[in-house]
Amino acid sequence: QVQLVESGGGLVQSGGSLRLSCAASGSILSIYALGWYRQAPGKQRELVAGITSGGITNYADSVKGRFTISRDNAKNTVYLQMNSLKPEDTAVYYCNADVKIVTTMRRYDAWGQGTQVTVSS
């Protein structure tokens, strides 16, 4: 009932930048926290950055100062600006949204399908 579609991934050289986008659609009543997670091969999925409905942000220590999360509530979209990328940032990046849907009036976690980010050295 809620779809999250990520875009903006790709291949970039070390030191480069990428901007990920995630657009939410469907029977959405409200969107609360939004976040970006990533999962590298052989590793567990980890939180990269999160942003509350009030705009408070938090970041993994490994990306502080390099990544910036933002949201456009009018467009139900969250962004992740990634600068100074490193090979260790290579992973599949997933969008996550804490949403309340119209049909059930309940909140649940929605996930996108993931977008690959590859940083070459």
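The values are calculated or read from the model by the stated rules, or taken from the named source; none is laboratory data. Please read all numbers here as calculations on a predicted model, not as lab measurements. Neighbour counts are summed over all protein chains in view; Cβ atoms, including those assigned to glycine, are modelled from backbone coordinates with ideal geometry. SASA here: full protein model, heavy atoms, side chains in, ligands and nucleic acids out. Shrake-Rupley method; radii C 1.70, N 1.55, O 1.52, S 1.80 Å.
In this structure the stretch 66-116 gives 50 Å² per residue of accessible area when probed at 1.4 Å with all protein chains present.
What is the percent carbon and sulfur in the accessible area of the stretch 27-121, measuring with a 1.4 Å probe over the protein chains and ignoring ligands?
48 percent
Computed on the chain, with alpha-carbon pairs under 8 angstrom and 6+ residues apart, the relative contact order is 36 percent. Close lysine pairs were tallied over the chain: pairs 8 or more places apart or on different chains with Cα atoms under 27 Å apart number 5.
When the Cα positions of CYS22, SER62, TYR32 are compared along the charge dipole of the chain, TYR32 comes out farthest toward the positive end, with charges on each C-beta of Lys, Arg, Asp and Glu. Each peptide in 21-32, 85-96, 39-50 was scored by the mean count of other Cβ atoms within 10 Å over its residues; highest first, the order is 85-96, 21-32, 39-50.
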